[in-house]
Amino acid sequence: MNIAVLIKQVPVSNDVTVDPETHALVRASSEGMINPADLNAIEEAMLLKEQTEGKVVVFTMGPPDAEKALRDAMALGCDESCLITDRAVAGGDTVATAKVLAAAIKKYGEFDLLVGGALSADGATGQVGAMVAECLDIPHVVEAAGVKYDAADGDKIVAVKKFHDKKLSIRCALPAMISFNFGCNEPRLATLRSKRAAKSKPLVTYTNADLGLPLDEVGIGGSPTTVVDSFSPKAGRKAQMLEGTPAELAKKLYDLIEEEKGK
Amino acid sequence: MAKKKIGIIGGGISGTALGYHLSLYDGEAEVIVFEKDTIGGASTAKSAGTVCLFDDSLKNRYWDVRLYGFESYLKMEEEEKGSAGFDKTGTLVVATNEEVEKVIKTGIALAKAAGYTGEYITDKDRIKEILPDISTDNILGAGYTADDGYFDGTMISNTYAKKFQKNGGVVKTGVKVTEVVVEDNKVKGLKTDDGAEYEFDVVVDCTGPWSKFTGEMVGLDVPIWHTKAEAFFLCPPGKKLDYTFPVLKYPEFYGLRAGDNIFICKSHLSMDLSNPMHAGQWDPDKLPATGGTDDYFIDFLLDQLEAKVPGIVDSGLVSSWLSYRAEPKDFWPILGETPVEGYMLSTGFGGNGVIEAPAATRDLAKLIMRGESTPLLENWAFKRLL
Amino acid sequence: MANGICVYAESYKGKLEPVAAELVSAAKEIQKTTGEKVQAIVLAEETEGIVAELDKLGVEEIYAVKAGRDCSQQDDAVSQAIAEMLKKIDPSSVLIPATPEGRSIFSRVAMKLGCGMTADCTEVLVGTKEDGSYYIKQNKPSYGENVFVTIITRDGFYPQMMTVRPGVYTAQEEAAGGQTKVEYFEDIKVGDSKIEVIEEVVAEAETGSILSAEVVVVGGRGVLEDDNFSLLEKFAEKVGGAIGGTRPMVDSEMIPFNHQIGQTGLTIRPKICISFGVSGAIQHTEGIKDTKLFVAVNTDEEAAIYGVADYGMAADLKDVLTEYLAL
């Protein structure tokens, strides 16, 4: 089974503030890492690779330094990588980004399965996976907790997903896109040796010219939505202190937990 | 007699220990520690806390400094278990050449003189008993004691801060000092980002890697360089070690256990101030909490572990971090007076803050309260660098 | 000309989801300025009950497709049908619950319609363009809620689609109903799907792993005293949470190392985190990220943990836990 893994490089720290004058984002650090849920997707891909053989190719769209995330993914066992980097595709919303990823996957080769993390730690839209599936006209299951594959099933795969208070087994025809929740498995770790080995694994770079997408379909210009402002949260990060007797506090705690669980 | 008013900038190990030592001058001092973030949260939190009896981190010439630090923390632990985060794993210091061997043997003699155990082991099977994953090829022997281990700099800072507050000291967290007021080359006080102003007789810079920027507030060029302390948390093959991993010291790197993981960090003395990969002057505010290590560190560590501790070379890389050690060119701290009257330094510990802060700030407190110097203050005086 | 504020009436097993009433309320806020109709779309196996519930919420128009089969999870087919519905209704904006189902279906719908979609809005406001027409200002958190951004759908793209976070808007109250125009699109069918639910069992709360648990209860040094840890265990059981801890708890072997949180341990991202007796040294707070609810209990009012928690209780953890268990 050939698997494409879609990953995103996200900031190590979500410690971002807004400049009160310019409303520009001020990041505490520019350090990037693989989006945490994507590590769970890589793990699922590795488990399937061990079971079915085939190759795993990791894709990301981002600035040139997103190569680091790809190398990290290859240190975890991905065989090849593809970086889509071009000023023309930068700053795109989920629709524009999905088009670029889908085009890159199509150009790279045939895949039986696409996987990715369900939500990113920064934007947390959870939309790109299903949008890529739509572009490629394949079915999708998002926010899955695991996957089972039996070669006897042929071109079908079973995703496990928690939905409301149920655990569902969802059979899906291949090729398909499945996204995985953070924490659904325990991702393997790179080692010093695998880190070093990853440096010489293949990395293909695509620009928008390679993909041949019209400029009004990609990047900021190809995005139906656009960010027009940014601001700091109204409340500070300091905790709101609750007062009362232990019994009253226990009740307040109970209410807070139940309210959040209900959401 | 009027109380002496002292402002301390920085709530890491150096600032909190100084606050504590000043608060021991019963009622004579009025002290405020200003911390822009959390107590013991910045470079102190990234310290390995290896206050060991005879490793190479601090020359044997400063044995008393080391012993005072070690015993201060042991007493903290006796008062309240966990308050210094002590993990008594013992320490194995490996001798790779005769010079190192001599230093270790001296350290053992000094430790024994203070009533601790220590031995120099040349029997390679014994060394392997203590650390089964080690390679004993190309080593002469190793010093070992079961009496020490590592501490937690963040916990120690918080404990010092608590003791200091109990003695009447004030800690202000989340408050950044924005200006040090100086008139006629004499410190008058300082201003903070919450709009408050304070009058002080003495202001002490305990900001470690930030000292260059702190010094600029009084027009002082604090000659601090940053060396990179790069660290990895390794998950050993099999996820769990079946032995107590001791603090392990080589001239090039050191390791210790962190739960079931192993923490490995590049050692201080392997740093070359003229190599831009090792040293420079950077902005510590831009340091991420985790990550930030350079690729060269992977190669460095792989080569080191393959040769020296091959049993853990296939460990998983759990996380990494980068910290800046602040140090002057001669790698010694800067302690005491500066050309600006009333402005003092307690900085530049170069990653040894947890070892050196207790003795250094004990002496500095005496200087501030009594005007009396000590040999340590003389050795580590700012004027040596002028 | 696109017109109408359309709400996706998410349902589960024949019943309207509570979030739909919240979205109707958000739509009515928009309506106050734009004067457009509030619409709802329903697509389900059986629709009558759902339509009746919506009617009571004061929606002006309901558009429905009766699927005739349980098409839950068949989002490849469902999204096609919904895209066709929206083409017919032609609303100016679509409000969708920011739920797994909403995201899953409408990501495809947005792509089919080429209209884009803003995720997880916590506020939708009306803005006025120079020509006097209206647009929706879609405010959403980013970077783990450290920043909020305003997103708009650019001119020429319709409908303006956005998912809205559950629990943000107060649910629209039920009224008499009977005023709603209901239209069934008989010609829109839910086509074949490449997806099939083959098993459905009751899910159990994940408490064995602190990585996947939705609720994590964290103990710090304060838990080491007396029999506080057994209180914490009972509390965790009661709230269906996994237990994580800081180094002192691991050192004292109350919890295994793989339940330690912080720089030497794990980074967890639970929905709900409640900490007891944790002071909040950096090694610990770095290990918890992106929680939706974080309550800290610690006697020390100055504890650093209150710099990161949403709510704080400066109380003895033993008292609070004992009272909680008595509830």
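Here C:S212 passes the criteria (1) more than 10 Å from every other protein chain (Cβ to nearest Cβ); (2) not in a strand (DSSP E or B) except the one numbered (1).
Suppose we keep only residues that are among the β-branched types (V, I, T) and within 23 Å of the chain's Cα centre (by Cα) within the stretch C:52-102. Which one would you say is farthest from the other protein chains (Cβ to nearest Cβ)? Talk me through it step by step, then tell me what you get.
Just the residues of the stretch C:52-102 that are among the β-branched types (V, I, T), to begin with: C:59, C:62, C:65, C:78, C:82, C:89, C:94, C:96, C:99.
If we keep only those that are within 23 Å of the chain's Cα centre (by Cα) too, we end up with C:59, C:78, C:82, C:94, C:96, C:99.
Working: C:V59: 23, C:V78: 11, C:I82: 12, C:V94: 13, C:I96: 11, C:T99: 10 Å.
That would be C:V59.
Quick check: anything in the stretch A:212-224 of a type in the set (S, T, N, Q) and crowded, with 21+ Cβ neighbours inside 10 Å? I'd like the intermediate steps shown before the answer.
So in the stretch A:212-224, the residues of a type in the set (S, T, N, Q) come out as A:223.
Still in the running and crowded, with 21+ Cβ neighbours inside 10 Å: A:223.
Yes, there is a match, as at least one residue in the stretch A:212-224 is of a type in the set (S, T, N, Q) and crowded, with 21+ Cβ neighbours inside 10 Å.
Quick check, is B:I9 β-branched (V, I, T), assigned by TED's automatic domain parsing to the domain that holds B:V182 and touching a Phe, Trp or Tyr at 6+ places or on another chain (Cβ under 6 Å)? Lay out the reasoning, then the answer.
Details: β-branched (V, I, T): yes; assigned by TED's automatic domain parsing to the domain that holds B:V182: yes; touching a Phe, Trp or Tyr at 6+ places or on another chain (Cβ under 6 Å): yes.
For B:I9, the condition - β-branched (V, I, T), assigned by TED's automatic domain parsing to the domain that holds B:V182 and touching a Phe, Trp or Tyr at 6+ places or on another chain (Cβ under 6 Å) - is met.
Look through the stretch B:194-213, keep the residues that are acidic (D, E) and in contact (Cβ under 8 Å) with a residue 24 or more places away in the chain, and return whichever of them is nearest to B:D283 (Cα to Cα). Working first, answer last.
At the first step, the residues of the stretch B:194-213 found to be acidic (D, E) are B:194, B:197, B:199, B:201, B:205.
Going one step further and asking which of them are in contact (Cβ under 8 Å) with a residue 24 or more places away in the chain, we end up with B:199, B:201, B:205.
Values: B:E199: 28, B:D201: 29, B:D205: 17 Å.
Restricting to residues being acidic (D, E) and in contact (Cβ under 8 Å) with a residue 24 or more places away in the chain, the top hit is B:D205.
Remark: C:Q172 matches the filter, which requires a residue to be part of a loop (DSSP other than H, G, I, E, B) and touching a Leu at 6+ places or on another chain (Cβ under 6 Å).
For the structure I just gave you, tell me whether B:M369 is over 24 Å from B:P251 (Cα atoms) and part of a helix (DSSP H, G or I).
For B:M369, the condition - over 24 Å from B:P251 (Cα atoms) and part of a helix (DSSP H, G or I) - is met.
From the list C:G178, C:G191, C:G222, the one residue that fits, being at positive phi, more than 8 Å from chain A (Cβ to nearest Cβ), in contact (Cβ under 8 Å) with a residue 40 or more places away in the chain and not basic (K, R), is C:G178.
Just to verify a result, which residue in the stretch B:311-337, among those that are of a type in the set (S, T, N, Q) and under 22 Å from the mean Cα position of the chain (by Cα), is nearest to the other protein chains (Cβ to nearest Cβ)? Spell out the reasoning first.
Residues of the stretch B:311-337 of a type in the set (S, T, N, Q): B:315, B:319-320, B:323.
After this cut, where a residue has to be under 22 Å from the mean Cα position of the chain (by Cα) as well, the list is B:319-320, B:323.
Working: B:S319: 7, B:S320: 10, B:S323: 12 Å.
Only one residue tops the list, namely B:S319.
When the stretch A:27-48 is filtered for residues that are at pLDDT below 75 and either within 13 Å of chain C (Cβ to nearest Cβ) or within 18 Å of C:I268 (Cα to Cα) (or both), the ones remaining, listed by number, are A:R27, A:A28, A:S29. A search for C-beta distances below 6 Å between a residue of the stretch C:225-252 that is assigned to a helix (DSSP H, G or I) and any residue that is polar (S, T, N, Q), counting only pairs 6+ apart in sequence or on different chains, returns C:V250/C:Q260. Among the conditions (1) outside any loop (DSSP other than H, G, I, E, B); (2) among the hydrophobic types (A, V, I, L, M, F, W, C); (3) modelled with pLDDT under 95, the only one that B:A48 does not satisfy is (1). Taking residues in the stretch B:214-238 that are over 26 Å from B:N275 (Cβ atoms), and partners anywhere that are among the aromatic types (F, W, Y) and part of a loop (DSSP other than H, G, I, E, B), the pairs with Cβ atoms closer than 9 Å and at least 6 places apart or on different chains are B:P236/B:F245. Look at (1) in contact (Cβ under 8 Å) with a residue 40 or more places away in the chain; (2) touching an Asp or Glu at 6+ places or on another chain (Cβ under 8 Å); (3) within 13 Å of another protein chain (Cβ to nearest Cβ) and you find that C:A203 fails only one, number (1).
The set of residues in the stretch A:159-188 that are free of Cβ contacts under 8 Å to residues at least 60 places away in the same chain and in contact with a Gly (Cβ under 9 Å, 6 or more places away or on another chain) comprises A:A159, A:V160, A:K161. The lone criterion from (1) out of contact with any helix residue (DSSP H, G or I) (no Cβ under 7 Å at 6 or more places or on another chain); (2) without any contact (Cβ under 8 Å) to a residue 24 or more places away in the chain; (3) not acidic (D, E) left unmet by A:T205 is number (2). Residues considered: B:T145, B:T136. Of these, the only one that is among the β-branched types (V, I, T) and touching a residue at least 24 places away in the same chain (Cβ under 8 Å) is B:T145. For the stretch C:123-140, filtered to residues that are buried (at least 22 other Cβ atoms within 10 Å of the Cβ) and within 11 Å of chain A (Cβ to nearest Cβ), the residue that is farthest from C:K28 (Cα to Cα) is C:K140.
The residue pairs whose first member lies in the stretch C:153-169 and is assigned by TED's automatic domain parsing to the domain that holds C:M117, whose second member is buried (at least 19 other Cβ atoms within 10 Å of the Cβ) and of a type in the set (D, E, K, R), and whose beta carbons are closer than 6 Å, counting only pairs six or more residues apart or on different chains, are C:T163/C:D120; C:R165/C:D120; C:Y169/C:E22.
The rows are residues; the columns are (1) under 13 Å from the mean Cα position of the chain (by Cα); (2) more than 27 Å from B:S320 (Cα to Cα).
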| position | (1), (2) |
| --- | --- |
| B:K4 | no, yes |
| B:A42 | yes, no |
| B:T50 | yes, no |
| B:S57 | yes, no |
| B:R61 | no, yes |
| B:V65 | yes, yes |
| B:L74 | no, yes |
| B:T89 | no, no |
| B:L92 | no, no |
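For (1) among the small types (G, A, S); (2) surrounded by 24 or more Cβ atoms within 10 Å (Cβ to Cβ); (3) within 9 Å of chain B (Cβ to nearest Cβ), each residue gets a yes or a no:
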residue	(1), (2), (3)
C:N228	no, no, no
C:L232	no, yes, no
C:E237	no, no, no
C:G244	yes, yes, no
C:R247	no, yes, yes
C:D251	no, no, yes
C:M254	no, no, no
C:F257	no, no, yes
C:I268	no, yes, no
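Would you check if there is a residue in the stretch A:214-233 being in contact (Cβ under 8 Å) with a residue 60 or more places away in the chain, under 30 Å from A:T52 (Cα atoms), at the interface with another protein chain (Cβ under 9 Å from one of its Cβ atoms) and outside any helix (DSSP H, G or I)? No; the residues of the stretch A:214-233 include none that is in contact (Cβ under 8 Å) with a residue 60 or more places away in the chain, under 30 Å from A:T52 (Cα atoms), at the interface with another protein chain (Cβ under 9 Å from one of its Cβ atoms) and outside any helix (DSSP H, G or I).
Out of all the residues in the stretch B:214-221, is one or more within 21 Å of the chain's Cα centre (by Cα) and not assigned by TED's automatic domain parsing to the domain that holds B:I134?
Residues of the stretch B:214-221 that are within 21 Å of the chain's Cα centre (by Cα), as a first pass: B:214-215.
Checking which are not assigned by TED's automatic domain parsing to the domain that holds B:I134 leaves us with B:214-215.
Yes, the stretch B:214-221 has at least one match.
Which residues, taken from the stretch C:107-122, are facing chain A (nearest Cβ under 8 Å) and of a type outside the set (G, A, S)?
As a first pass, look at the stretch C:107-122 and keep what is facing chain A (nearest Cβ under 8 Å): C:107-108, C:110-112, C:114-120.
Those that are facing chain A (nearest Cβ under 8 Å) and of a type outside the set (G, A, S): C:R108, C:M111, C:K112, C:C115, C:M117, C:T118, C:D120.
Rundown of residues vs (1) at pLDDT 80 or above; (2) of a type in the set (A, V, I, L, M), yes/no style:
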site	(1), (2)
C:G262	no, no
C:S279	no, no
C:K289	no, no
C:L293	yes, yes
C:Y324	yes, no
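With a cut-off of at least 1 residues that are crowded, with 18+ Cβ neighbours inside 10 Å, modelled with pLDDT of 95 or more and more than 7 Å from every other protein chain (Cβ to nearest Cβ), name the strands (runs of 3 or more DSSP E) lying wholly within the stretch A:110-206. Please lay out each step first, then the result.
On the way: elements: A:113-117, A:140-144, A:146-148, A:156-163, A:166-173, A:176-180, A:203-206.
Of the strands (runs of 3 or more DSSP E) lying wholly inside the stretch A:110-206, those with at least 1 residues that are crowded, with 18+ Cβ neighbours inside 10 Å, modelled with pLDDT of 95 or more and more than 7 Å from every other protein chain (Cβ to nearest Cβ) span A:113-117, A:140-144, A:146-148, A:156-163, A:176-180, A:203-206.
Scanning the stretch C:295-327 for residues that are surrounded by 19 or more Cβ atoms within 10 Å (Cβ to Cβ), hydroxyl-bearing (S, T, Y) and closer than 17 Å to C:K238 by Cα turns up just one, C:Y324.
The values are calculated or read from the model by the stated rules, or taken from the named source; none is laboratory data. It should be emphasised that the depicted structure is a prediction, and the values quoted were computed from it without experimental measurement. Every residue, glycine among them, receives a Cβ derived from its backbone with ideal geometry; neighbour counts consider all protein chains shown.
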